[in-house]
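Notes for the one structure printed next.
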Amino acid sequence: RKQEDCQNMEDKENTNNKKKCTRVIDGEYEAKTNPEKEKQEITSLDQVKPEQIAKLLEWDFKLNAAMKEGNENEWTNIIKNHSEDLHLWYQNEQGQTALMLAAQLNNINLVKELLSLGALWNAIDEEGKSAGEYTTDKTIYEELVSHGVRSELILSSLGKKDQKEDKASNENYFQEKIKYVMDEETNIPKLLVDKHGNGIMMGWETPLMKRHVEISLKQDSNELSILNIGFGLGIFDRFVQELGGKRVKEHVIVEAHPDVYAFMKERGWDKKPNVTILFGRWQDHLEALNAYQFDAIFFDTWGEDYDDMREFHDNIPNWLRYPNGLYTYFNGLAARNPFFHEVSCRLAELELMQLGLKTTYETIPIDPTQKEWEGVTDKYWQLKNYYLPTCRLMTE
């Protein structure tokens with residue numbers, strides 16, 4: 001759930017993607033005037049003295065001005081003759097980068113040129129908009145999405161992402177107390193929040209969870225084996241029991257948070273005849289999970305990053321029953337920004353295809369009201385549509 005590596009693409013500082021600055025702090029060209037002078041890559045104005053900014057960003061200012069004026073001859077000349085003097089990480093007072101302005105102009109050639117020079121595809125402006133949201137041209141939008149996917153794949157293959165620490169990416173979450181908020185009429189939990197008031201899972205997700213279950217149960221077999229990673233409010237698992245009935249012979253739930261596990265026992269989940277609870281992170285139960293063949297797998301963890309999800313995906317082909325097993329997951333990837341969400345979905349789809357799974361999406365309109373967010377600090381969902389993924393083993 002809310003896989004942070006993808007969901008926070010707009011917050012990442014991917015220095016591998018940044019245009020290397022060829023100037024040193026004092027504004028002189030490195031190596032040309034002093035070969036012994038230590039070079040320092042500038043990737044932020046925080047590294048520059050105020051009096052040096054105008055000189056450092058001279059050609060960036062001119063490029064921005066040319067694009068705002070629509071002066072193609074001028075920006076073409078700047079890019080052709082002064083590309084080494086440009087710092088394409090630079091954002092103006094509105095937070096706009098040169099790439100955003102190029103996208104706004106709907107100029108595909110300019111967009112491609114800036115990307116080739118190292119322009120940041122995942123920067124956002126002061127309003128949280130990305131370059132992909134600046135364009136109305138579908139070709140440019142696809143170019144930006146494809147570039148984003150390629151960048152993520154290259155960084156992953158080269159191992160240039162942040163090295164994973166020894167401890168779990170969501171270890172702090174397991175140490176914190178979390179709170180269930182109950183519906184007074186039904187006594188069913190409607191909200192799960194952490195100590196900061198951040199939503200972990202909310203009741204507005206109910207129709208999404210129901211549809212995930214309906215798809216998971218759409219099988220010919222009358223003896224189904226279902227795996228769910230992450231209990232949360234228990235919505236998915238409740239529907240598995242209600243809609244699956246006697247068809248569900250094995251219902252395995254992996255849950256890592258002690259408070260959620262205690263809630264599950266309080267509600268009698270450990271007493272249900274067809275339910276097996278594995279308490280702990282899914283990474284701690286690989287040996288046990290390897291003993292199963294599941295007809296359907298659902299993944300919905302909290303606070304893990306995309307590398308964790310990628311690691312989970314590596315196991316799916318071994319856990320799904322051939323040939324009709326299916327995998328689905330809560331698609332909260334980069335759910336604060338539609339462009340980053342698109343990149344994240346394409347990335348996951350491509351990587352799953354490399355593992356032998358074909359992904360299709362069902363579009364479900366979902367737009368939680370302001371009232372539904374009451375009592376929640378962090379709005380982890382800010383999109384109009386939910387793209388429910390169904391991943392099936394490719395048999396040919």
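Just a few scattered comments:
- Residues of the stretch 290-321 classified as open to solvent by 10 Å² or more (accessible area, probe 1.4 Å), at pLDDT 95 or above and among the aromatic types (Phe, Trp, Tyr), total: 1
- Some residue of the stretch 92-109 being part of a helix (DSSP H, G or I) and without any contact (Cβ under 8 Å) to a residue 12 or more places away in the chain: yes
- First in the stretch 293-313 and more than 22 Å from Val193 (Cβ to Cβ) and among the aromatic types (Phe, Trp, Tyr), second anywhere and at pLDDT 90 or above and part of a loop (DSSP other than H, G, I, E, B), Cβ under 7 Å, 6 or more apart: Phe294/Arg321; Phe294/Gly325
- A Cβ distance below 8 Å, combined with a sequence gap of six or more or placement on separate chains, defines the contacts here; from the stretch 56-68, residues that are under 13 Å from Asn81 (Cβ atoms) reach residues that are open to solvent by less than 10 Å² (accessible area, probe 1.4 Å) and modelled with pLDDT under 95 in the pairs Trp59/Leu86; Leu63/Leu86.
- Put simply, of Lys129, Lys138 the only residue that is modelled with pLDDT of 95 or more, surrounded by 14 or more Cβ atoms within 10 Å (Cβ to Cβ) and either more than 21 Å from Glu342 (Cβ to Cβ) or of a type in the set (Lys, Arg) (or both) is Lys129.
- From the list Glu342, Glu287, the one residue that fits, being open to solvent by 10 Å² or more (accessible area, probe 1.4 Å), modelled with pLDDT of 95 or more and either within 25 Å of Gly199 (Cβ to Cβ) or in a loop (DSSP other than H, G, I, E, B) (or both), is Glu342.
- The residues of the stretch 247-275 that are of a type in the set (A, V, I, L, M), under 29 Å from the mean Cα position of the chain (by Cα) and assigned to a helix (DSSP H, G or I), listed by number, are Val260, Met264.
- Some residue of the stretch 276-284 being closer than 18 Å to Leu326 by Cα and either part of a strand (DSSP E or B) or under 28 Å from the mean Cα position of the chain (by Cα) (or both): no
- For Gly244, the test of being open to solvent by less than 10 Å² (accessible area, probe 1.4 Å) and over 26 Å from the mean Cα position of the chain (by Cα) is passed.
- Residues satisfying the stated conditions in the stretch 212-235, i.e. part of a helix (DSSP H, G or I) and open to solvent by less than 10 Å² (accessible area, probe 1.4 Å): His212, Val213, Ser216, Ile235
- Restricting attention to the stretch 323-339, the residues being open to solvent by 10 Å² or more (accessible area, probe 1.4 Å), within 12 Å of the chain's Cα centre (by Cα) and either at pLDDT below 95 or polar (S, T, N, Q) (or both) number 1.
- Scoring Tyr361 on the criteria (1) aromatic (Phe, Trp, Tyr); (2) out of contact with any strand residue (DSSP E or B) (no Cβ under 8 Å at 6 or more places or on another chain); (3) exposed (fewer than 15 other Cβ atoms within 10 Å of the Cβ) leaves a single failure, condition (2).
The values are calculated or read from the model by the stated rules, or taken from the named source; none is laboratory data. In this text the structure is predicted, and so the values were computed from the model without any measurement. As a convention, Cβ positions derive from the backbone with ideal geometry for all residues, glycine included, and neighbour counts pool all protein chains shown. The area values use the complete protein model at the heavy-atom level, side chains included, leaving out ligands, DNA and RNA. Shrake-Rupley method; radii C 1.70, N 1.55, O 1.52, S 1.80 Å.
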